[in-house]
1. Any residue that is crowded, with 22+ Cβ neighbours inside 10 Å and in contact with a Gly (Cβ under 7 Å, 6 or more places away or on another chain) - is there at least one of those in region 33-52?
2. For R279, are the conditions met, namely being farther than 21 Å from Y183 by Cα, among the charged types (D, E, K, R) and modelled with pLDDT of 95 or more?
3. Residues that are free of Cβ contacts under 8 Å to residues at least 40 places away in the same chain, at least 3 per element: which helices (runs of 4 or more DSSP H) completely within region 224-305 meet that?
4. State whether the residues of region 125-146 include one that is touching a Lys or Arg at 6+ places or on another chain (Cβ under 8 Å), among the acidic types (D, E) and not assigned by TED's automatic domain parsing to the domain that holds G103.
5. Quick one: which residue in A54, A70, A66 is more than 20 Å from T12 (Cβ to Cβ), among the small types (G, A, S) and not in a helix (DSSP H, G or I)?
6. From the list G161, G154, exactly one residue is surrounded by 15 or more Cβ atoms within 10 Å (Cβ to Cβ), assigned by TED's automatic domain parsing to the domain that holds A86 and within 26 Å of F140 (Cα to Cα). Which is it?
7. Which residue out of L119, L130, L148 is outside any helix (DSSP H, G or I) and in contact (Cβ under 8 Å) with a residue 40 or more places away in the chain?
Amino acid sequence: MPRLVVVTTGGTISTSADSAGVLRPVHRGAELASGLDAQVIDLFTVDSSQLTPAEWLRIGAAVTEAARDADGVVVTHGTDTLEETALWLELTYGGTAPVVVTGAALPADAPDADGPGNLRDALTVAASPLAKELGVLICFAGTVRAPLGSTKVGGPGLFGGRPPVGAVSAGVFSVTGTKQRAYVGAVADVARVDIVAAYPGADGAAIDAFAAAGARGLVIEAMGAGNAGAAVVGAVRRACARGVAVVVTTRVPLGRTAALYGPGHDLVEAGAVMVPALRSSQARVLLMVALSLGLPVIDVIGRLR
């Protein structure tokens, strides 16, 4: 039998309603994995909106350690920030054992709770020889995705983005697409990176404040193909002059960035780098890893976009 490890961190999969009807993460790893043939590492039990990069390091360390003696590792996680943690693991985990991240859309006490099924599916993927060397995967509602480019969109499958890597049906994992591993390197310290939204009338106050607070990088969530007002462009120029790395994404859900229009061109001229097709949440993770490893941002973005 494959040796499998489940690392639990909380999230909706671990929640039940309290006396006021508020969902709280209360179910620990032993409860979630009861009856399943897997070792459990009960890391913590929190809402994923409460996680910080420090917890990413803890999850990464637990996964790397577990993978030394396991054939596959599953991480249970809240869906609010699952796309960030999954990408962080994908970029920083270099092991051969597959790592599968999953969660739930419905709480554990819901009559039609989906957490147990998602966990079983994730274990199926983690145990499959087909998943070996694929690195980190997201398994949710029977669909298996690569972390890079995946984002929470709502609806029945909850996650969307690039075409799936595979699927789980009747306890069998099948590969339907290709996946390029996005491993960059192991990270010990996390660089501070903040996100700033561009919008009509936005000034440079937030950019200046983040730079003054010690941000090593900034993600500008721009409009359209990567455009922002003159005040934002000016603040980006000041930030870049201070040595802050700046990348540009778009607020358009299925949009791509390119320096096609004057404002986008001006942002690039000011020192920013366009991230063609990642949402701001994942562009931030990518920038954090690049800066933490001292790698040229434009090279990392060019390789993984």
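1. no
2. Spelling it out, it is not the case that R279 is farther than 21 Å from Y183 by Cα, among the charged types (D, E, K, R) and modelled with pLDDT of 95 or more.
3. Of the helices (runs of 4 or more DSSP H) lying wholly inside region 224-305, those with at least 3 residues that are free of Cβ contacts under 8 Å to residues at least 40 places away in the same chain span 230-241, 262-270, 297-304.
4. Within region 125-146, none of the residues are touching a Lys or Arg at 6+ places or on another chain (Cβ under 8 Å), among the acidic types (D, E) and not assigned by TED's automatic domain parsing to the domain that holds G103.
5. Exactly one of A54, A70, A66 is more than 20 Å from T12 (Cβ to Cβ), among the small types (G, A, S) and not in a helix (DSSP H, G or I), namely A70.
6. Working: G154 fails: surrounded by 15 or more Cβ atoms within 10 Å (Cβ to Cβ).
Result: G161 is the single residue among G161, G154 that is surrounded by 15 or more Cβ atoms within 10 Å (Cβ to Cβ), assigned by TED's automatic domain parsing to the domain that holds A86 and within 26 Å of F140 (Cα to Cα).
7. Numbers: L119 fails: outside any helix (DSSP H, G or I); L130 fails: outside any helix (DSSP H, G or I).
Matching residue, one of L119, L130, L148: L148.
Quick grid of which residues meet (1) under 26 Å from the mean Cα position of the chain (by Cα); (2) of a type in the set (K, R); (3) over 25 Å from G149 (Cα atoms); (4) at pLDDT 95 or above:
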site	(1), (2), (3), (4)
I207	yes, no, yes, yes
G214	yes, no, yes, yes
V219	yes, no, no, yes
G224	yes, no, no, yes
G229	no, no, yes, yes
R242	no, yes, yes, yes
L260	no, no, no, yes
V273	yes, no, no, yes
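The values are calculated or read from the model by the stated rules, or taken from the named source; none is laboratory data. It should be emphasised that the depicted structure is a prediction, and the values quoted were computed from it without experimental measurement. Quick reminder, even Gly has a Cβ in these numbers, built from the backbone with ideal geometry, and neighbours come from all protein chains shown.
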